[in-house]
1. If each residue of separation counts as 0.36 nm, what is the full-extension length gain between Asp321 and Val25 once their alpha-carbon separation is subtracted?
2. Per-residue HN-Hα couplings for the range 56-64, Karplus 6.51 cos²θ - 1.76 cosθ + 1.60 at θ = phi - 60°, whole Hz, x for Gly and Pro?
3. For the pairs Lys60/Lys120; Lys45/Lys113; Lys113/Lys299; Lys111/Lys299; Lys23/Lys113; Lys45/Lys120, flag any whose C-alpha to C-alpha distance is greater than 18 Å.
4. Work out the FRET efficiency for Asn196 and Lys299 from their Cβ-Cβ distance, taking R0 = 41 Å, and round it to the nearest 0.05.
5. May I ask you to evaluate 6.51 cos²θ - 1.76 cosθ + 1.60, the Karplus curve with θ = phi - 60°, for each residue of the range 89-100 and list the ³J(HN,Hα) values in order in whole Hz, giving x for glycine and proline?
6. Each residue of the range 186-191 in turn: what ³J(HN,Hα) in whole Hz from Karplus with 6.51, -1.76, 1.60 and θ = phi - 60°, glycine and Pro shown as x?
7. Give me the percent of the accessible area of the range 265-314 that comes from carbon and sulfur atoms, probe 1.4 Å, all protein chains in place.
Amino acid sequence: VSPFCKKAESCSCEATAVDHDVKIVTTVEDNYNFIETGGLYDECKCDFWSSLCESAGVGKACDYAAEYCCGDYMYDGGVVGDELSFLYLSSPTCYCDFFTYAQVEFEYPLKLKALMMINKEFENPCGQVDLWVGDSSLGEPRDFERPSLEAIYERTNGQNWTNNAGWMNEEDHCGWYGVTCNGDGFVTSIDLRDNNLAGQFPVYARNFTYSDGTFAAESDWQVNKYGLANLYNLESLDLADNKLTGTIEYRPLYNLHLLTHFDVSGNQLSGEVEALVAPSVNYANFSNNGFTSMRRFEKYKVRSFQTLRYCDVSNNAIHQDATDILE
């Protein structure tokens with residue numbers, strides 16, 4: 001990539017440059033050498049490089065785009081050649097999209113930039129998407145999905161819901177009002193439509209803390225937070241006709257790669273609409289809120305670009321040229 005591209009990035013993202021402090025942490029344990037990034041995600045740089053990756057067809061631009069859009073990862077130097085020598089800490093689903101897009105469009109293998117001293121190509125991250133969904137190392141579903149549901153209840157004023165039957169009391173969260181689970185006990189559907197939910201949209205509602213009071217690593221989303229984004233088997237989410245406010249942090253939701261139905265219509269949400277909210281989404285309803293802009297359809301999101309069939313953004317405050325969204 002030309003040095004002029006890096007200079008252009010610096011100029012276009014000058015306002016956020018001070019806040020973007022990427023850390024490289026090396027840990028040696030039992031002859032294993034772990035090298036981990038921290039704070040890699042940057043929204044401005046993500047927009048800059050992903051647009052260049054898609055429009056210019058430059059493979060190296062996709063290298064930068066993948067890291068700035070998808071966030072932190074770890075390289076395990078002790079198991080070189082093993083499929084898990086890379087661990088995608090924030091969003092294996094996002095890395096999977098970039099990896100697939102670069103190979104299909106340019107026959108280009110993604111390469112490391114933040115850890116370029118390793119001089120390796122990224123290994124296929126797509127297998128780690130399924131690993132997150134059914135990771136038995138996290139324990140039984142109730143061990144990590146119940147705290148996420150509890151965090152949602154607390155964040156959205158659950159005590160004053162119209163119907164909160166079973167919530168916070170019944171031992172099996174699959175019996176809570178509005179919650180449906182599969183045969184393995186994983187949450188597959190949440191339907192709390194018109195139920196007087198109020199407060200911030202609960203993508204992440206509570207941080208995980210160890211017994212000594214310290215927090216888990218910020219970059220390791222799989223274990224460090226609780227909320228909607230941790231319900232990895234979720235297929236349908238209906239929170240329409242409530243009193244949810246503020247903006248939606250879409251990036252963690254993109255890990256919900258089984259999610260097909262997403263309805264947040266009839267709330268008091270604001271900020272930006274991301275129609276391609278999840279890789280498998282085919283129905284998305286953002287109508288009757290206070291959204292003011294809509295994110296462009298990123299071509300690298302190959303799967304959601306193909307699956308989306310219905311998206312309603314009516315009755316918001318969005319004033320954009322459609323060509324800017326669909327280009």
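1. Full-extension gain reported as 102.2 nm.
2. Values per residue, Gly and Pro as x: 8, x, 9, x, 5, 5, 5, 4, 5 Hz.
3. Exceeds cut-off: Lys113/Lys299; Lys111/Lys299; Lys45/Lys120.
4. So the FRET efficiency works out to roughly 0.55.
5. 7, 9, 7, x, 5, 5, 4, 4, 5, 5, 4, 5
6. 8, 5, 10, 8, 10, 10
7. So the carbon and sulfur contribution to the accessible surface is 49 percent.
The values are calculated or read from the model by the stated rules, or taken from the named source; none is laboratory data. Since the structure is predicted, the reported quantities are computational estimates derived from the model, not experimental observations. As a convention, Cβ positions derive from the backbone with ideal geometry for all residues, glycine included, and neighbour counts pool all protein chains shown. Protein only, heavy atoms only, side chains kept; ligands, DNA and RNA dropped before computing areas. Shrake-Rupley method; radii C 1.70, N 1.55, O 1.52, S 1.80 Å.
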